[in-house]
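Visitor: I have a structure I would like to understand better, so I am pasting it below and will then ask my questions one at a time.
The values are calculated or read from the model by the stated rules, or taken from the named source; none is laboratory data. Keep in mind that what you see is a predicted model, and the values were worked out from it rather than measured. Cβ placement follows ideal geometry from the backbone for every residue including glycine, while neighbour counts extend to all protein chains displayed. Heavy atoms of the whole protein, side chains included, go into the accessibility calculation; ligands, DNA and RNA do not. Shrake-Rupley method; radii C 1.70, N 1.55, O 1.52, S 1.80 Å.
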Amino acid sequence: MFNRIAQWNQTQHMLMGASLLRIAYGTILLYMYLMHYAQRAFLWGPHGIYTLEDSRVDAWFNTSFSLYHLHASPLYFEIIFHAGILVTLWFIIGYKGRIASIVQFIFAWSLFARNSVILDGGDNIMSLLLVYLLFANMTAYFSVDSYLKQRRGEPTQITVPPGFAHMRMRNLFHNLAILACMLQVCIMYFTSGLHKVMGELWQNGTAIYYILQVNEYTHPFFQQLISSSELLIVAATYATIVVQIAYPFLLVNHRTRYVVMAGVVGMHVGIAVVMGLFTFSFVMIANQLLFLRDREYNAISQFTKRCVERIKQRWQRKNEQVSDPVREGVVSAKISVFYDGWCPVCRKSMTRLQKWDRSNQLVFHSFREKEVLTRYQLDFERAEKRMITREERSGRMYEGIESVWLIARKLPVLWLFVPVLWIAMVLGFGQRIYDFLAERRAIIPVGSCEEEACEWQESERHIP
């Protein structure tokens, strides 16, 4: 057992994850500084909404230290606040990582302790992990330190042979710091899941419904959309419990690890979108960066490069085929898109899609033209309500959210949204969102219609 521990400690693990977490935490803190910059004196200043005297009393009671408590001068506040921004930038670029992480922790803790009332809870786990990460190597990749090491010819990863006690201790501190961070995240989710299990609302599957009734943390659109489906409420409630309790156990297996990490990311994306807790969700999602090994990040990088090369080669072949005078006109689009030619929003959307369609996968038709209705045998009323697409190879027709999903599959710039659209279709709320937005689009904006065009549109409105 001791031999295995010694062998494990010969190298530093999770270096890429620690480096990415450094950038993620720094970006979140920088976002907080800039988001509050215009109202910094009101929110963080000595004479703001949360006065320095009240903050000092709370800090003394909670034994919290803050640089902002040392002086009540507005000039001193401005100096510390702007110094915090510079320290955060220093932390992100990763120069002299050990010193930068210590200084960054002091300034971040000072900011949190100065006014904890406006924070959303993500600061708690961030503060804990930043303490552990003081002993970790967070600048092995994507940093100025790593760039300088490459210029000096030093390797990023060093395997320590027997006899180098100081280097083994350095590895031990790093590995234990990463392990402490991972255990802290696992304990957080497991205890949170246990507390939910003991709650009556979580047991009967109605907790999400009552959460949506808190207007301060719920958008009216999502409140109405999710509350209209009992199945979705119950599924979201129980899925939250299952993901949190199973999280530390499913991480052990390399196959189930990806599933539970995707579940946690999806849960926090939902919290960010529905409840508006952006910084909290981004902190929680950033924590997942530590749970992938360096070889997994290398595999993701290689896969991404291969995909980019394939896309470039495909575009080159398509461009060569289109520009070839012998084959020009032979290449036909694979998807026919039928849109509302009277709708300004629809026309702008089609123009944007046409620019993104580098491989000529789409051809656009306005169903307001009689010959289009006759040729493709379209139902005029259905085409008015939902965008219709036709797959030329199979002749299959799609409408609404299915059309959006089909178009996204053909355009590389929209591939990121394909899984989200597919999940929305499977769960059934995607078509509702599409219909909600489609019913509220303005076909002819007030004051932008020319008289001749309006007379023509009025005469053609009732197409048989």
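Visitor: Quick check on this structure: which one of Phe142, Phe91 is in contact with a helix residue (DSSP H, G or I) (Cβ under 6 Å, 6 or more places away or on another chain), open to solvent by 60 Å² or more (accessible area, probe 1.4 Å) and either on the phi < 0 side of the Ramachandran plot or touching a residue at least 60 places away in the same chain (Cβ under 8 Å) (or both)?
Guide: Testing whether each residue is in contact with a helix residue (DSSP H, G or I) (Cβ under 6 Å, 6 or more places away or on another chain), open to solvent by 60 Å² or more (accessible area, probe 1.4 Å) and either on the phi < 0 side of the Ramachandran plot or touching a residue at least 60 places away in the same chain (Cβ under 8 Å) (or both) leaves just Phe142.
Visitor: Farther than 30 Å from Leu437 by Cβ, crowded, with 17+ Cβ neighbours inside 10 Å and over 22 Å from the mean Cα position of the chain (by Cα), is that true of Leu133?
Guide: Considered against the rule, which asks whether it is farther than 30 Å from Leu437 by Cβ, crowded, with 17+ Cβ neighbours inside 10 Å and over 22 Å from the mean Cα position of the chain (by Cα), Leu133 comes out as yes.
Visitor: Then there is this: Can you find a residue that is in a helix (DSSP H, G or I), farther than 30 Å from Leu20 by Cα, of a type outside the set (S, T, N, Q) and at pLDDT 90 or above anywhere in the range 285-301?
Guide: no
Visitor: Continuing with this model, one more query. Mind checking which pairs have a first residue in the range 25-41 that is without any contact (Cβ under 8 Å) to a residue 24 or more places away in the chain and a second that is among the hydroxyl-bearing types (Ser, Thr, Tyr) and in a helix (DSSP H, G or I), Cβ under 9 Å, 6 or more apart or different chains?
Guide: Met35/Thr279
Visitor: Looking only at helices (runs of 4 or more DSSP H) that lie completely in the range 75-158, which have at least 1 residues being of a type in the set (Asp, Glu)?
Guide: Result: 122-132, 144-152.
Visitor: What are the pairs, 6+ residues apart or on separate chains, where a residue within the range 326-349 that is open to solvent by 30 Å² or more (accessible area, probe 1.4 Å) has its Cβ under 7 Å from a residue that is at pLDDT 75 or above and small (Gly, Ala, Ser)?
Guide: Final answer for the pair search is Tyr339/Ser366; Arg347/Gly341.
Visitor: Moving to a separate point now. Determine if the range 215-238 includes at least one residue that is more than 20 Å from Ala180 (Cα to Cα), open to solvent by 40 Å² or more (accessible area, probe 1.4 Å) and part of a loop (DSSP other than H, G, I, E, B).
Guide: The answer is yes, given that some residue of the range 215-238 is more than 20 Å from Ala180 (Cα to Cα), open to solvent by 40 Å² or more (accessible area, probe 1.4 Å) and part of a loop (DSSP other than H, G, I, E, B).
Visitor: Now, a different point. Can you give me the number of residues within the range 359-418 that are open to solvent by 20 Å² or more (accessible area, probe 1.4 Å) and assigned to a loop (DSSP other than H, G, I, E, B)?
Guide: Matching residues across the range 359-418 total 12.
Visitor: If you check Val269 against the conditions, is it modelled with pLDDT of 90 or more, assigned to a helix (DSSP H, G or I) and closer than 21 Å to Ile423 by Cβ?
Guide: The answer is yes for Val269.
Visitor: Another question, then. Picking from Ile211, Ile106, Ile118, which residue would you name as being surrounded by fewer than 17 Cβ atoms within 10 Å (Cβ to Cβ), more than 18 Å from Leu289 (Cβ to Cβ) and in contact (Cβ under 8 Å) with a residue 60 or more places away in the chain?
Guide: Sole residue among the options that is surrounded by fewer than 17 Cβ atoms within 10 Å (Cβ to Cβ), more than 18 Å from Leu289 (Cβ to Cβ) and in contact (Cβ under 8 Å) with a residue 60 or more places away in the chain: Ile118.
Visitor: Of the conditions (1) open to solvent by less than 40 Å² (accessible area, probe 1.4 Å); (2) farther than 29 Å from Gly430 by Cα; (3) not aromatic (Phe, Trp, Tyr), Gly205 satisfies every one except a single condition; which number is it?
Guide: Result: Gly205 fails condition (2) only.
Visitor: Could you figure out which of (1) open to solvent by 20 Å² or more (accessible area, probe 1.4 Å); (2) of a type in the set (A, V, I, L, M, F, W, C); (3) within 27 Å of Asp145 (Cβ to Cβ) isn't true of Ala100?
Guide: Answer for Ala100: the failing condition is (1).
Visitor: Would it be correct to say that Leu172 is within 26 Å of the chain's Cα centre (by Cα) and either over 21 Å from Phe280 (Cβ atoms) or free of Cβ contacts under 8 Å to residues at least 24 places away in the same chain (or both)?
Guide: For Leu172, the condition - within 26 Å of the chain's Cα centre (by Cα) and either over 21 Å from Phe280 (Cβ atoms) or free of Cβ contacts under 8 Å to residues at least 24 places away in the same chain (or both) - is not met.
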